[in-house]
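So that we are looking at the same thing, I have put the structure below in structure tokens.
The values are calculated or read from the model by the stated rules, or taken from the named source; none is laboratory data. Model, not experiment: these values are computed from the prediction. Backbone-built Cβ (ideal geometry, glycine too); neighbour counts: all protein chains shown. We work out accessible area using only protein heavy atoms, side chains counted, and drop any ligands, DNA or RNA first. Shrake-Rupley method; radii C 1.70, N 1.55, O 1.52, S 1.80 Å.
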Amino acid sequence: MSEFSLIRSLLKNRGSAPPEVEVDAGDDAAVLKPARDRSTVFTCDTMVETVHFRTGTMEPDDIGWKCMAANISDVAAMGGTPSCALVSLAVPETWRGEELKGLYAGMREICRRFGVRIVGGDTVRSPEHLVVTVALIGEVEPDRSLLRSHGRPGDVVFVTGELGASKAGLHLLMSDPHPELLRRYPGLVEAHRRPVPGVEAGRWLLGTGQRIACDDVSDGLAQEAWEIAEASRVRLVLEGERIPISSETRRYAEEVGEDPLEWAFSGGEDFCLVGTVSREHWPGLMREAEDSGLRLFPIGWVEEGSPGVDWIVDGNRKERTRRGYDHFTDG
Ligand SMILES: Nc1ncnc2c1ncn2[C@@H]1O[C@H](COP(=O)(O)OP(=O)(O)OP(=O)(O)O)[C@@H](O)[C@H]1O
Ligand SMILES: Cc1ncc(C[n+]2csc(CCOP(=O)(O)O)c2C)c(N)n1
Ligand SMILES: [Mg+2]
Ligand SMILES: [Mg+2]
Ligand SMILES: [Mg+2]
């Protein structure tokens, strides 16, 4: 298939463009009409074969879903709503035709779910591995984004979902698993392949009008907590026993002799949100969240002190290293 027929086939089935798209894919660049009274959120993230996925860990449609999900998650962490995306593909000879259509099917699926329109991209040859980059635009109420720098001493630290399942799923998928094992842990495989970004949670948090610090968990809870600590110039104290970990993650970790808490702290790719909010507003916030069908788990508090993260495990408080996923020291 030629480059141009490939692009045409990838751009099919997107439905009609929403009104903010003045010029859609097909010209030299897309042209967007910004909504009145909205600021633009703008982000990009890349996934690279062998670094973010292998043939054994992800199907083509999962790769499309997850690369878009990682971007939507960053918009969610700002409290925004995603709108339009550009998709860049660097394609090796081993990845043509049907597989790329599969990748786009996964992208279309998550785009439909979150109201995202693909308005263009780029397609080039890659010497060896598949590289997928998404650039995503979203919108947010001006001056109301949920910033990493919003943490203050006395705040409660919370997360919006369970942690460690994606890492458990990766561990399972990398072990050349028997199909029976895969059937016993469907939630772990799903968490790794099809993470659901917390747009609803981010929008809800912004809508409370409170001062809320926020980050999404891509590199692991410890790393993201460090990001908030440094941006806010505070110390975060996290309580190991309060970190929400699913029973499936715990069961699998026990079966393979690993520590689920370590997965929760440093595994990454959970794509839920971690945030802080004042202790005074916490009880009301948690109650209202529950009424809205959103789960907020308190996992610690914020103190004055040198920027960093402590964790309490088995009653002992220690400094927690960043040890999340680092592209230049992991792998
Ligand atoms: N090559 C780069 N050039 C310019 N800015 C960058 C570059 N890489 C990262 N940044 C910026 O640095 C900040 C932190 O980036 P980082 O990618 O760590 O955050 P993230 O996207 O939330 O995390 P992750 O990529 O692990 O999902 C962001 O504001 C990002 O835009
Ligand atoms: C085959 C394979 N090996 C390792 C991993 C784990 N992994 C890769 S990148 C990353 C952090 C988030 O990426 P980024 O910082 O680029 O957003 C993590 C946890 C994986 N998913 N697949
Ligand atoms: Mg990034
Ligand atoms: Mg982020
Ligand atoms: Mg990262």
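Failed condition for Leu273, given (1) away from ligand 2 (no atom under 16 Å from the Cβ); (2) touching a Cys at 6+ places or on another chain (Cβ under 6 Å), with all others met?
Evaluating Leu273 over (1) away from ligand 2 (no atom under 16 Å from the Cβ); (2) touching a Cys at 6+ places or on another chain (Cβ under 6 Å) leaves (1) as the failure.
May I ask you to list the residues in segment 75-107 that are under 26 Å from Leu182 (Cα atoms) and in a helix (DSSP H, G or I)?
Glu98, Glu99, Leu100, Lys101, Gly102, Leu103, Tyr104, Ala105, Gly106, Met107
For segment 121-147, what are the residues that are outside any loop (DSSP other than H, G, I, E, B) and either in contact with a Ser or Thr (Cβ under 6 Å, 6 or more places away or on another chain) or surrounded by 22 or more Cβ atoms within 10 Å (Cβ to Cβ) (or both)? Can you show your working first?
Pass one, segment 121-147, residues outside any loop (DSSP other than H, G, I, E, B): 121-125, 131-140.
Hits for segment 121-147 are Gly121, Asp122, Val132, Thr133, Val134, Leu136, Ile137, Gly138, Glu139, Val140.
When the residues of segment 202-240 are narrowed to those that are among the β-branched types (Val, Ile, Thr) and either more than 16 Å from ligand 4 (Cβ to nearest atom) or part of a helix (DSSP H, G or I) (or both), which ends up surrounded by the fewest Cβ atoms within 10 Å (Cβ to Cβ)?
Restricting to residues being among the β-branched types (Val, Ile, Thr) and either more than 16 Å from ligand 4 (Cβ to nearest atom) or part of a helix (DSSP H, G or I) (or both), the top hit is Thr208.
Scan segment 32-46 and report the pairs whose first residue is within 16 Å of ligand 4 (Cβ to nearest atom) and whose second residue is open to solvent by 50 Å² or more (accessible area, probe 1.4 Å), with Cβ atoms within less than 6 Å and a gap of 6+ or a chain change.
Close Cβ pairs (under 6 Å, with a partner that is open to solvent by 50 Å² or more (accessible area, probe 1.4 Å)) amount to Val41/Met78.
Going by what's in this entry, would Val274 be described as outside any helix (DSSP H, G or I) and within 16 Å of ligand 4 (Cβ to nearest atom)?
Spelling it out, Val274 is indeed outside any helix (DSSP H, G or I) and within 16 Å of ligand 4 (Cβ to nearest atom).
Please go through segment 48-75 and give me each residue that is open to solvent by 10 Å² or more (accessible area, probe 1.4 Å) and within 14 Å of ligand 5 (Cβ to nearest atom), ordered by number.
Listed by number, the residues that qualify are Val48, Val51, His52, Ala70, Asp74.
OK, next. Pick from Ile63, Ile72: which is within 15 Å of ligand 2 (Cβ to nearest atom), part of a helix (DSSP H, G or I) and more than 24 Å from Val274 (Cβ to Cβ)? Steps first, please.
On the way: Ile72 fails: more than 24 Å from Val274 (Cβ to Cβ).
Residue meeting the stated conditions: Ile63.
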